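Below you'll find the structure, written out as structure tokens, and then a few comments.
No value in this document is a laboratory result; all are computed from the given coordinates. No experiment lies behind these values; they were computed from the predicted model shown. Glycine also receives a Cβ, built like all others from the backbone with ideal geometry; neighbour counts cover every protein chain displayed.
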Amino acid sequence: MSLTDQERAALRMLAGSLRGQSLSTMLARGFTIEMLQGLVSAGLATANRDAIGAARTKVAHLRITEAGRQAIAE
């Protein structure tokens, strides 16, 4: 699979974090929803809603998959 520079940067950011990154953090870094959805659709990342804090607020988190790790290793 051929990745754009931005897709590769997003996957590297996800790879650098054990627990992934929140969607809001990824958007604040300039990544678009469409591009991130593309990574999830391609199986290179996963998206989950995690409950955090005492109020159990739901936050969308992205994590890299093994396929994503392999894609940036090439």
For this session: Go through Leu27, Leu39, Leu11 for me and flag whichever is in contact (Cβ under 8 Å) with a residue 60 or more places away in the chain and either part of a strand (DSSP E or B) or surrounded by 11 or more Cβ atoms within 10 Å (Cβ to Cβ) (or both).
Result: Leu11
Problem set entry | Residue list for region 10-32, filter: of a type in the set (A, V, I, L, M, F, W, C) and farther than 15 Å from Ala60 by Cα | Ala10, Leu11, Met13, Ala15, Leu18
Seminar exercise, completed: Within region 1-31, the count of residues that are among the polar types (S, T, N, Q) and touching a Gly at 6+ places or on another chain (Cβ under 9 Å) comes to 1
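Among Ile33, Ile64, Ile52, which is among the hydrophobic types (A, V, I, L, M, F, W, C) and within 9 Å of the chain's Cα centre (by Cα)?
Ile64
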